[in-house]
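Structure first, then comments.
Computed from the coordinates by the stated procedures, all read-outs in this text should not be read as laboratory data. These numbers come from a predicted model, not from an experiment. Cβ sites come from the backbone with ideal geometry, for glycine too, and all protein chains shown count toward neighbours.
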């Protein structure tokens, strides 16, 4: 039994480190700024590989989510690391925006997307169902905090070697390490039960016992027949729009809105609060309920992104970015755990992949809306207003869920 328990922690650590390396997508604002300077690309050209990566990210989650449910996480994780490494290496060989869409947007984006469905399912399965929010927050938090490592590293490599060699160095390192970590990702044995779950089964379940959610095993077809799924999808999409807008343009916002060239430091700050949000969002949602946390996220973020119009100092911008990072990060474990709560763990990979298409939609709406508005007006103010309106809509949707659904979710 001791070896089995140790295996649970090995899987959790491997999954966390794997996601840590997959978080390099969130440093794109640093790379895009360098591309505009070194390659003389427009803001829209520099945003396009990132936008395509978010879309590819989502489609790969849907496709490999089902494969992960059938074959397990190790195979899919190995493919993920291989694609990420090769995509970055190929990106080092081009300066063409269209080719970069293929190498980074499609190949690297697919690798990053697969990582999203090979780390949470095995991690959650090894631990008590009462800790879904906590475990999801830990694994997802690694994605956020990775920017603290990748941001200064990328900034250093860009200044010393330029864009091409930066892609090459990171691609080799990330590819090799991720393939190694993939070998440690496994699902628990069929008869495995976490300690708390086993103890409660021995004592007998009560009607309000959260273990009842283990009996729910809906598939993606069931999701598409559920109105609740579409409402969750819209909320996740509108919430992601704001966060991805800020992540994709943080360095430029710092440069053009407050005249600060230390945009890479802003990305680090954003990543730290993104991590705080992912950890705290999961833990708090385990205590007060997923939908209550969603409502707080939408309300706070709607006000904050609107106030970005008047954040004209470095200090105010840091405060605004910190709030945006917390809200953006908190949504991930909350929606992840909600999918597990309402639809079960058996088909979690495919179900969460389908839900994550909302994040892809946010990746299109947010960065490209901001880029288009900035190219046309030399200001991000109208983009902030659009994002705030979408968040208000998400908040309204969050109040439409029936009490019975909230009770099941909060249990």
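Some observations on this one:
- Per residue, the average separation of C-alpha pairs within less than 8 Å and at least 6 apart gives the chain a relative contact order of 26 percent.
- Placing a label point 7 Å from the Cα of residue 346 along the Cα-to-Cβ line, the residues of region 175-196 whose backbone N sits under 16 Å from it are 190-192.
- Taking the alpha carbon gyration tensor of region 74-152, multiplying each eigenvalue by 5 and rooting it gives semi-axes of 30, 14, 9 Å, largest first.
- Estimated purely from DSSP H runs of n ≥ 4, each contributing -39500 (n - 2.57), the mean residue ellipticity at 222 nm for the chain is -26500 deg cm²/dmol once divided by its residues.
- In terms of overall dimensions, region 1-64 has a Cα radius of gyration and Dmax of 17.9, 59 angstrom.
- Extension gain for the segment residue 295 to residue 37, taken as residue separation times 0.36 nm less the Cα-Cα distance, is 88.9 nm to one decimal.
- Gain on full extension, evaluated as 0.36 nm per residue between residue 378 and residue 86 minus their Cα-Cα distance, stands at 101.5 nm.
- The chain, Cα convex hull volume normalised per residue, Å³: 119
- Compared with the direct C-alpha span, the chain from residue 156 to residue 400 gains 83.0 nm at full extension, assuming 0.36 nm per residue.
- The equivalent ellipsoid that matches the C-alpha gyration tensor of region 228-319 spans semi-axes of 27, 14, 12 angstrom, in descending order.
- Legend: P(r) of region 53-199 from all alpha carbon pair distances, 10 Å bins from 0, whole percents, reading 12, 35, 33, 14, 5, 1.
- Dividing the convex hull volume of the alpha carbon atoms of region 1-132 by its residue count gives 109 Å³ per residue.
- Efficiency of FRET from Cβ geometry, residue 287 and residue 96, R₀ 56 Å, rounded to 0.05: 0.65
- Highest-first packing order for the peptide set 228-237, 48-57 is 48-57, 228-237, based on the mean count of other beta carbon atoms within 10 Å.
- Equivalent ellipsoid dimensions for region 252-369 as semi-axes, Å, which come from the Cα gyration tensor, largest first: 30, 16, 12
- Cubic angstrom per residue, convex hull over Cα atoms of region 235-285: 72
- Residue order, fewest to most beta carbons within 10 Å, for 388, 29: 388, 29
- Residue ranges 290-302, 242-254 sort as 242-254, 290-302 when ordered by packing (mean number of other C-beta atoms within 10 Å per residue, highest first).
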